[in-house]
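Participant: Here it is: the structure, laid out below.
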Amino acid sequence: MRIGELSARTGASIRSLRYYEEQGLLRSTRSAGGQRHYTEAEIERVTFVQRLYAAGLSSRTIVELLPCVDSPSDDHSDTAMERMLQERERLSAHIEELRRTRDALDALMAEGRAYRDTRRTSCGAAAVSLA
């Protein structure tokens, strides 16, 4: 099948499919005219790659996981699981950093509201005393 059909059948954009190929995540054969051709198996591979991207993995990490799919073995499985555990730990640390950042922003917003409320009260009291 050609790239447009693979795109239609997987929901991945043509641009994404080309990127996957550039990154070594997807393979095609070329016609004499240079058009990409894919097998039915590539549908499942694209779906798998999309799931890995949705899980927050980079193309470099995905390339490291593909031996588990291309040449299944206990060693490849163990390596893939260890790599995914590392990525999970990285994501957890990033989430914790984002929580701290959000908490710092919440504190700044609370200070801003308190300052605004203090100014309103001061300005209101001054207006009443002038009247």
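No value in this document is a laboratory result; all are computed from the given coordinates. Everything quoted here is computed from the prediction, not taken from an experiment. Reconstructed Cβ throughout: ideal geometry from the backbone, glycine too, with neighbour counts over all protein chains shown.
Participant: Just to confirm the filter: which GluC sites (Glu not before Pro) across the stretch 1-105 are DSSP coil and have at most 14 other Cβ within 10 angstrom of their Cβ?
Facilitator: Numbers: sites: Glu5, Glu21, Glu22, Glu40, Glu42, Glu44, Glu64, Glu82, Glu87, Glu89, Glu96, Glu97; in loops: Glu40.
In loop regions of the stretch 1-105 (DSSP not H, G, I, E or B), the sparsely surrounded GluC sites (Glu not before Pro) are Glu40.
Participant: Could you check the simple spin-label distance between Arg83 and Arg9, using points 7 Å along Cα→Cβ, in nm with one decimal?
Facilitator: 2.5
Participant: For a footprinting-style exposure proxy, rank Ile3, Ile62, Ile95 by other Cβ within 10 Å, fewest first. Mind showing how you got there, number by number?
Facilitator: Numbers: Ile3 17, Ile62 20, Ile95 10.
In order of increasing Cβ crowding within 10 Å: Ile95, Ile3, Ile62.
Participant: Can I ask one more? Kyte-Doolittle cut-off -1.0, length cut-off 27 Å along the helix's own axis using Cα: show which whole DSSP H helices in the chain pass.
Facilitator: Numbers: long enough: 74-130 (83 Å, -0.86).
Long hydrophobic helices here: 74-130.
Participant: A further question on this structure: Extent of the stretch 31-113 along each principal axis, from alpha carbon coordinates, in Å, largest to smallest?
Facilitator: For the stretch 31-113, the Cα extents along the three principal axes come out at 66, 37, 16 Å.
Participant: Among Arg45, Arg119, Arg100, which one shows the biggest mean-square fluctuation in a GNM of the chain, springs joining Cα atoms closer than 10 Å?
Facilitator: Looking only at Arg45, Arg119, Arg100, the largest GNM fluctuation is found for Arg119.
Participant: Compute the distance from the alpha-carbon center of the stretch 1-48 to that of the stretch 63-124, in whole Å.
Facilitator: Comparing the Cα centres of the stretch 1-48 and the stretch 63-124, I get a distance of 32 Å.
Participant: I've got another one for you. Given +1 on the Cβ of Lys and Arg, -1 on the Cβ of Asp and Glu, and no further charges, what dipole in debye does the chain carry about its Cα centre, rounded to the nearest 20?
Facilitator: On the way: 20 positive and 20 negative charges, 180 e Å.
Value, rounded to 20: 860 debye.
Participant: Using a Gaussian network for the chain with springs between C-alpha atoms less than 10 Å apart, which of these wobbles most: Ser73, Ser58, Ser31?
Facilitator: Result for the chain, Cα springs under 10 Å: Ser31 fluctuates most.
Participant: May I pose another question? Given the options Tyr53, Tyr38, Tyr115, state which has the largest fluctuation in a GNM of the chain using a 10 Å cut-off (strictly under) for Cα springs.
Facilitator: Judging by the Gaussian network model, the answer is Tyr115.
Participant: Let me ask you something else. Taking R0 as 30 Å, what FRET efficiency do you get between Gln23 and Leu105 from their Cβ-Cβ distance, rounded to the nearest 0.05? Numbers along the way, then the final one.
Facilitator: Working: r = 35 Å, r/R0 = 1.17.
Computed FRET efficiency for Gln23 and Leu105: 0.30.
Participant: For the stretch 20-70, what percent of Cα pairs sit more than 13 Å apart?
Facilitator: Numbers: 755 of 1275 pairs.
That fraction is 59 percent.
Participant: Using the charge dipole of the stretch 1-56 (Lys, Arg: +1 at Cβ; Asp, Glu: -1 at Cβ; taken about the Cα centre), state which of Ala55, Thr29, Thr39 has its Cα farthest towards the positive end.
Facilitator: In the stretch 1-56, that residue is Thr29.
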